[in-house]
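Here the structure comes first, spelled out in structure tokens, and everything after it is commentary.
The values are calculated or read from the model by the stated rules, or taken from the named source; none is laboratory data. Please read all numbers here as calculations on a predicted model, not as lab measurements. Neighbour counts are summed over all protein chains in view; Cβ atoms, including those assigned to glycine, are modelled from backbone coordinates with ideal geometry. Just so you know, the surface numbers come from the protein's heavy atoms only, side chains and all, with ligands and any DNA or RNA stripped out. Shrake-Rupley method; radii C 1.70, N 1.55, O 1.52, S 1.80 Å.
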Amino acid sequence: MTATPARILVVEDSHTGQASLACALEEHGYMIALAENGRQAWAMLQEQAFDLVLLDILMPQVNGYQALESMKSDSTLRNIPTIVVSAAEDMDSIVHCIGMGAEDYLTRPFDSVLLSARIGACLEKKRLRDAERAYLEQLEQRNYALFQLSRFGQQLAALLDMQQITEQLPRAIAEIVGAEGASLWLWDTEHEGKLICRAMFHPGLSQPLLLNRALQPGQGIAGWVSQHDKSIMIPHAPSDPRFFPGIDEQTGFKTVSVLAAPLRAHFAVIGVMEVVNKVEGVFDSDDMALVETLAVSAATAIDNAVLFDARRELADELKARNEELDAFAHTVAHDLKGALTNIIGFASVVRDSHDKMSDEQVHKCLQMIVQSGQKMASVVDELMLLASVGRANAMGMAPLDMAELVGQVRDRLLFMIEEYQAEIVLPSSWPVALGYGPWVEEVWANYLSNAIKYGGQPPRIELGATPQADGMIHFWARDNGQGIGSEGQLQLFMPFERLHRAGSGGHGLGLSIARRIVERLGGRVDVASQVGQGSTFGFTLPSQELSRSVTITQSDWLGS
């Protein structure tokens, strides 16, 4: 490609001198413009761009010295090379002009070869100076970008809140790199491993249009980067086969260039940082280095925030467990002490006064001792069940034969059923749910025993199940008791709570354990009751038709 000829402004009041200079310059391929004095030259310099000025000293109105002083005082003109042309060859004049900023000084007469050589030298000097200035400006910009990168990296390291990270990260990376916009994409394992846009910065583009947009694995440039764990720089994204145009079509944004880098934590890709449309020029290797460096800081910050949230949840869980343990210790101590007091009391009566007691009185005391011992055994049994629920590392879910489980519970409670003369109504068939049989049996035992104790006189308990639209099955036990007020319902499943209803027994562990079991199995407990109209206690389990593999782990338990 042919270079554009240099444009030279010749400032000369002599028409003969103008003609001579013009002829010499045109002979060497320069483009020239003529000014007759310093005032005219100044006006032309304000309106046109020149690569060099040939300036005569002795001119009317505004002489060469004045014109040179004005040019070098102006920030937009001082970098234009100036060669002074004069008949005077005294050293004072030369020193004075060079001191004012002239690049060279020629004394007449001179030939065209010398003039062209001196002009060429000045222009080359200017080119080198411009290149150096551009490099220094670029270096300054890069240093400033590195400073911003370092400062923001320190800020990221101090952030432990995911929302703050996602709010600040895209804007910062766009500003540091000099891009129109940026977005943060993270893997979401809860949605079939899709890549979700969690944060964005695109001035003029409505945030909700892109937030929470999902890409399938490998879809789009961000999907490709996450899948291949490799940074990428694309100068014209729409022509790249990896580009996914759907987002631009939906948002109205026009993507031109893209730079994307993977976010890595614990040797795995957790997401992608993507910047689009370089504001000035094109993305280069320096931009890539900036983005990759910030991606490291961003991934670390995100990972720290996730760990901090997990630790905070664990701390909350431990606090709740400690509070639960306090309530547990109080309740168990109270119930065991009460039963033990009865045993000691009635045993002492028999020991000290058996010779004065009738057989009926002795039998009654012994029966109370046996009942108190059974109560203590029941407390211990439920404590052991509570411990097994808490320490189980893995418990497989399997289809349940609910008729068999309920039948086993009825056999266990046969003495109680006969004592209260309870009527139990069962459905003709049960839907098949997934669960762990021994645990579900304990839930039914708790529900049924409570329904018998707190039911009517005599108790009538109806059991049943209702499939739900979400793939869960709602199992329930409905009694004909006095019902529970709304305030009491809120306390029922709290750890170790007791309603203190008239004639109530129990030790406050059962419903809390039932809630733990059901939640461990992926369901929920519930109660519906009105005073005077009985109560319905329920729990949900996943149906067999849900057909998903479920394993209950210790981590699930801690997170429940």
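Could you compute the net charge surrounding LEU211? Neighbours are other residues with a C-beta less than 12 Å from the C-beta of LEU211; K and R count +1, D and E count -1.
+1
Accessible surface of the stretch 214-371, 1.4 Å probe: 58 percent of it comes from carbon and sulfur atoms.
Once backbone amide H atoms are built at 1.01 Å from N, VAL62 has GLY38, ARG39 as its partners under 5 Å, excluding neighbours fewer than 5 places away on the same chain.
Taking 0.36 nm per residue of separation and subtracting the current Cα-Cα distance, fully stretching the chain between THR76 and SER116 would add 11.9 nm. If the chain linking ASP90 and THR341 were pulled fully straight, counting 0.36 nm for each residue of separation and taking away their Cα-Cα distance, it would gain 77.7 nm. Taking all protein chains together and rolling a 1.4 Å probe, LYS278 ends up with roughly 40 Å² accessible.
Computed from backbone phi with θ = phi - 60° and the Karplus coefficients 6.51, -1.76 and 1.60, the 3J(HN,Hα) list for the stretch 296-302 is 5, 5, 5, 4, 5, 5, 5 Hz; x is used for glycine and proline. Strictly over 19 Å apart at the Cα level, which of LYS375/LYS453; LYS364/LYS453; LYS72/LYS126; LYS319/LYS375 would you flag in this model? The answer is LYS364/LYS453; LYS319/LYS375.
In this simple spin-label approximation, GLU313 and THR107 carry label points 7 Å from Cα along the Cα→Cβ vector, and these lie 8.9 nm apart.
Once the other residues with Cβ under 12 Å from the Cβ of ILE369 are scored (Lys, Arg +1; Asp, Glu -1), what is the net sum?
With Lys, Arg at +1 and Asp, Glu at -1, the neighbours total +3.
Taking Cβ atoms as reference points and 11 Å as the exclusive limit, the residues near PRO262 contribute a net charge of -1, counting Lys and Arg as +1 and Asp and Glu as -1. Computed in the context of the full set of protein chains, the accessible area of the stretch 1-120 at 1.4 Å probe radius has 54% of its extent on carbon or sulfur. With the simple model of a label 7 Å out from the Cα in the direction of the Cβ, HIS236 to ALA49 spans 2.5 nm.
Modelled spin-label separation between ALA19 and ASP286, with each label point placed 7 Å from Cα along the Cα-to-Cβ direction: 5.2 nm.
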